[in-house]
Each structure stands twice: as C-alpha cells, then as structure tokens.
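The values are calculated or read from the model by the stated rules, or taken from the named source; none is laboratory data. In this text the structure is predicted, and so the values were computed from the model without any measurement. Every residue, glycine as well, gets a Cβ built from its backbone with ideal geometry; the counts of neighbours run over all protein chains shown. All accessible areas refer to the heavy atoms of the entire protein, side chains included, with ligands and DNA or RNA removed. Shrake-Rupley method; radii C 1.70, N 1.55, O 1.52, S 1.80 Å.
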Amino acid sequence: AKAAGGARWALFDADRNRRELARYALAAAIPTALDRGEFFLDYQPLTSLRDGRVLGMEALVRWRHPQLGVLRPDSFIGLAEETGLIVRLGGWVLAEACREAASWSAGHDDPPFVSVNLAVRQLHRPGLVQEVQGVLRQTALPARRLQLEITESTMMSTVEEPVRALRVLADLGVRIAIDDFGTGYCNLAYLRELPVAELKVAGEFVTGLRAPATDPGSRTDERILASLVSLAHALDLTVTAEGVETADQADRLRAIGCDAGQGWHFGRPAPADRFLARLG
Ligand code: C2E
Ligand code: CA
Ligand code: CA
C-alpha cells in the first residue's frame, strides 16, 4: 500500500510540474503576444441602480491565443504578476482602454468613464504617474473619465510611495476605486490616506441576496451591504455591487441604497459597442 501511495505522489508531482511548466510557457509568451496584437479588451458596464444609466465600463483583458483560443485573465494574470510581465501587459491595457474610451464621447453628453484594473506591481513602479499622464495626454481622455481599480490587498502591502502616487493621480482627477471590497484583510485606515471615489463590493455578498430573505445567511449579507453603503456614503464614496446576476438582486441592492451594479444581469463582458448603444 505504501509503494502505491508513493507512486501516486510521483504521479501528482509529475502532473503538477507539467502544469507549472505550461503556466510558465504561457507567461513567457506574453511579450511576443503583445507584439503580435493577441490581447484585446472586453468591457462590462457599471450601471446606475437609480436610472439605469451606464456610468462606467470596466476593461477586462483577454488573450486570443493562436493555439489555445480565447483565454480569460485568470489563466495568465497571476503569473504575469509573479514574473513582472504585468507591467508591460498592464501598460498596454491602460493605453488601449484610454484610447477606446476617448472614442466613446462622440455624440454623447456624458460618456462613461473607463475602469482599469491596476496590479500591485504597477502601483509600485516609480514611473506610474508619468505613464498615466502620458497616456491621458496621448489619447486626449479627460482624467475624470479614467478610474483605476486597486484591491484591498494591494493597499495592505502598500508603503508610502504608491500612496503618494495615487494621491497625485487623484489630484489630477483620476478616480480611485477599491476593488473586491470586503474580501481582503480590511484595514479601513487607507480610506483616510487616499482620496477614494468608489468602493466595489465583492460579488460574494451579492450572491447571498439570492437566497430567500428568511435565510439567515442572506439577511447577514443584506445587513453587511447596508452597513457598507452607509459607511461609503458618510465618506462621500459611491458603491458599486459586483456580481449582480438577477433582477431580484438588483432590486434589493437599490432598496439598500447601493449606487451602481455590475454583473451578468446588466451585461456579460463584451466589446464596448454592445453597451455604447445603451447610451442613447
Ligand atoms: P475582477 O476585477 O473582480 O473582474 C470581474 C470578474 O467577474 C470578471 O472576470 C467578470 O467576467 C466576472 N463577472 C462579471 N459579472 C459577473 C457575474 O454576474 N457573476 C459572476 N460569477 N462573475 C461575473 P474576468 O474577466 O475573468 O476577470 C477576472 C479577474 O482578472 C478580474 O477580476 C481582475 O482581477 C483580473 N483582470 C482582468 N483584466 C485585468 C487587467 O487588465 N489587469 C489586471 N491587473 N487584472 C485584470
Ligand atoms: Ca476589477
Ligand atoms: Ca472585482
């Protein structure tokens, strides 16, 4: 039995090694893929729960891989962060998102902002402020139409320098959003240090709303959400709920006072055109 166990472990290890190798090979291909234009952005609307207006659109990167098909970010972002390649990839995402967003203003009085995910590595890079300023200048996108999403865990590991960079960007008019709010080890002190515009509450609190109101778990989620909304509003922040999948969830979020929703109920990630039609 012992020998069999050992063999099984060897098998697991070989499997794991193969997976790791595949992951690294994928990451190593990122620079070439950038040169070949294999990445593209889908967008997902942040929709006002009051009047259904599209307030902003989050850019979500995809990789049209010649052999593997379209890859979702989960399969390559993690490793891009580990290897530092996220700096180049994230730079491309920022420039491309701003370039596309600049074109959304045609014929619209109040075009949506574009919301771009910022990895920890990018935040720690000394040239971040200049990079963002350069992109805004080149694309002629007004700073107030750019939102940068950073996660709570990013803020956790954050030392003084990145906070200063974010403050400079916020002074320029760039919106700062806290992504996946409520999932990280949550130290609210950064809300004092940073001019945050928006909290994006993680979908897992919204999922709970699906259950009938008598379900104790669901009532807890509803109370947590209501408290987050009053905290945010007391600090003049807007709240966007992520992962809104049903009309019922949207209704409850509206009743709680949540400002905006994002999720399959309002639209799955897709090319920007799909949602620009909604701007009227
Ligand atoms: P995220 O920032 O939390 O993005 C939202 C994710 O939830 C997206 O997955 C989206 O497709 C998915 N989603 C949206 N609505 C619903 C819903 O109603 N139900 C469910 N179950 N899921 C929903 P996606 O596009 O696969 O992105 C995954 C993660 O990859 C993102 O999570 C973000 O952390 C990261 N990511 C995506 N693009 C970038 C990027 O350009 N740079 C960086 N650094 N990270 C990115
Ligand atoms: Ca995000
Ligand atoms: Ca999120």
Extension gain from Ala22 to Leu68, taking 0.36 nm per residue of separation minus the Cα-Cα distance = 15.4 nm
remark   = Ordering 161-171, 28-38, 199-209 by per-residue average of other C-beta atoms within 10 angstrom, highest first, gives 199-209, 161-171, 28-38
query = Asp180: net charge of surrounding residues, Cβ under 10 Å, Lys/Arg +1, Asp/Glu -1, itself excluded?
reply = -4
ask   = Based on the alpha-carbon gyration tensor of the stretch 194-280 and its eigenvalue square roots a ≥ b ≥ c, which shape applies: rounded if a/c is under 1.5, prolate if not and a/b is larger than b/c, or oblate?
value = oblate
remark   = Cα extents of the stretch 49-165 per principal axis, largest first, Å, are 42, 42, 32
request  = Please tell me the relative contact order of the chain in percent, rounded to the nearest whole number, where contacts are Cα pairs under 8 Å and at least six residues apart.
outcome  = 18 percent
query = All other residues with a Cβ under 14 Å from the Cβ of Ala106 taken together, and with Lys, Arg as +1 and Asp, Glu as -1, what is their net charge?
reply = -2
ask   = What accessible area per residue comes out for the chain, rounded to a whole number of Å², with a 1.4 Å probe?
value = 51 Å²
Gain upon complete extension [Gln133, Asp13; 0.36 nm per residue less C-alpha separation] = 38.5 nm
inquiry  = If I model a spin label as a point 7 Å beyond the Cα along the Cα-Cβ vector, how far apart are those points for Arg192 and Arg99 in nm?
reply    = 4.3 nm
message = What distance in nm separates the two pseudo spin-label positions at Leu34 and Glu82, each 7 Å out from Cα along the beta-carbon direction?
response = 1.9 nm
query = Can you list the residues, at least 5 places off or on another chain, whose amide H is less than 5 Å from the amide H of Met57, using H built in the peptide plane?
reply = Leu46, Phe113, Val114, Ser115
key: Max mean-square fluctuation residue, GNM over the chain, Cα-Cα springs under 10 Å, options Leu68, Leu148, Leu194   = Leu68
remark   = Among Glu96, Glu20, Glu152, the residue with the largest mean-square fluctuation in a Gaussian network model of the chain built from Cα contacts under 10 Å is Glu20
ask   = How many angstrom separate the Cα center of the stretch 28-86 from the Cα center of the stretch 169-185?
value = 19 Å
task = Mind listing the long-range amide H neighbours of Thr246? Cut-off is under 5 Å, sequence gap 5 or more, other chains count too, H placed in the peptide plane at 1.01 Å from N.
result = His265
query = How much of the accessible area of the chain, probe 1.4 Å, is carbon plus sulfur, in whole percent?
reply = 53 percent
ask   = Along the stretch 131-148, what does the Karplus equation 6.51 cos²θ - 1.76 cosθ + 1.60 (θ = phi - 60°) give for ³J(HN,Hα), rounded to whole Hz, x for Gly and Pro?
value = 4, 5, 4, x, 5, 4, 5, 5, 9, 6, 7, x, 4, 5, 9, 10, 10, 10
query = Once you list every other residue whose beta carbon is under 13 Å from the beta carbon of Leu55, what net charge do they have if Lys and Arg are +1 and Asp and Glu are -1?
reply = +2
The chain: most fluctuating residue of Arg99, Arg64, Arg53 per GNM, C-alpha cutoff 10 Å = Arg64
